[in-house]
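Reviewing the structure listed below.
The values are calculated or read from the model by the stated rules, or taken from the named source; none is laboratory data. None of these values were measured; they are calculated from a predicted model. Please note: Cβ atoms are built from the backbone with ideal geometry, for glycine as well, and neighbour counts cover all protein chains shown. Side chains are part of the model used for accessible areas, which takes the heavy atoms of the whole protein and leaves out ligands, DNA and RNA. Shrake-Rupley method; radii C 1.70, N 1.55, O 1.52, S 1.80 Å.
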Amino acid sequence: MNLKKFLEHLNQGLTVSGGSEIHLFMHEVSQEALGLTAKLNNAYHTPEEVRVLMERIIGKPIDKSFTMFPPFYTDCGKNITIGKNVFINAGCKFQDQGGITIGDGTLIGHNTVLATLNHDMAPEKRNDLHPAPIVIGKNVWIGSNVTILPGVTIRDGAVIAAGAVVTKDVEVNVVVGGVPATFIKKIDR
């Protein structure tokens, strides 16, 4: 198993069976992410140093316009794509095995959780994992303490109210909030 095959498997939405070769590889990838996030979170770093550490965590370049206030947590890191002019506030947790794409101009509030894995509902298969991507469009504003669940797409210009749990797709230029998140209003342009 290598990182390319691992990501291909996840990005096809294929099940990760508990104890399988890919499951064990996922734990290896997690160890690297945990080490890098510990380095990021346990000392002051300049904005440039934060960006460079995030590039190491996700394994690809990030535009110089990116800003983040640590601490930040991920148990994979390698399946995150970050656009330009993205801001991630302190305390965010990204479970990105299923894939996380963050569009240009997006603002992510304190303590946001992006979760891209579900365990199997059948008790005898509870260790099996089902990946599904989270896609966040351009100029999205995600409030503090939001949780976004696997398979959700948030379209351009949307606002997610603080404390929301987003369980289904969000349309363009709307505000949603609550548990589960529901439509609040259309954003006037």
* Single unsatisfied condition, Asn127 versus (1) free of Cβ contacts under 8 Å to residues at least 60 places away in the same chain; (2) farther than 17 Å from Gly151 by Cβ -> (1)
* Among the candidates Leu53, Leu14, Leu10, Leu36, single out the residue that is assigned to a loop (DSSP other than H, G, I, E, B), under 20 Å from the mean Cα position of the chain (by Cα) and modelled with pLDDT of 95 or more. => Leu14
* To do: Find all pairs meeting these conditions: Cβ atoms under 8 angstrom apart; at least six residues apart or on different chains; first residue within region 65-76 and at pLDDT 95 or above; second residue assigned to a loop (DSSP other than H, G, I, E, B) and buried (at least 20 other Cβ atoms within 10 Å of the Cβ).
  => Ser65/Val86; Phe66/Val86; Thr67/Val86; Thr74/Asp96; Cys76/Asp96; Cys76/Gln97
* Would you be able to tell me the number of residues in region 24-38 that are surrounded by 15 or more Cβ atoms within 10 Å (Cβ to Cβ) and either charged (D, E, K, R) or within 16 Å of Leu117 (Cα to Cα) (or both)? => 5
* Within the group Asn2, Asn85, which residue is closer than 16 Å to Ile136 by Cβ and surrounded by fewer than 18 Cβ atoms within 10 Å (Cβ to Cβ)? -> Asn85
* Test: residue in region 65-82 that is open to solvent by 30 Å² or more (accessible area, probe 1.4 Å), touching an Asp or Glu at 6+ places or on another chain (Cβ under 6 Å) and farther than 22 Å from Leu14 by Cα -> no
* Quick one: is Thr116 open to solvent by less than 40 Å² (accessible area, probe 1.4 Å) and either among the β-branched types (Val, Ile, Thr) or at pLDDT 95 or above (or both)? -> yes
* To do: Check off (1) open to solvent by less than 10 Å² (accessible area, probe 1.4 Å); (2) over 13 Å from the mean Cα position of the chain (by Cα); (3) of a type in the set (A, V, I, L, M, F, W, C) for Ile148 and give me the number that stays unchecked.
  => (2)
* Structure fact -> Of those in region 1-29 that are without any contact (Cβ under 8 Å) to a residue 24 or more places away in the chain and of a type in the set (A, V, I, L, M), the residue farthest from Ile100 (Cα to Cα) is Leu24
* Of the residues Val172, Val176, which single one is farther than 16 Å from Lys93 by Cα, modelled with pLDDT of 95 or more and part of a strand (DSSP E or B)? -> Val176
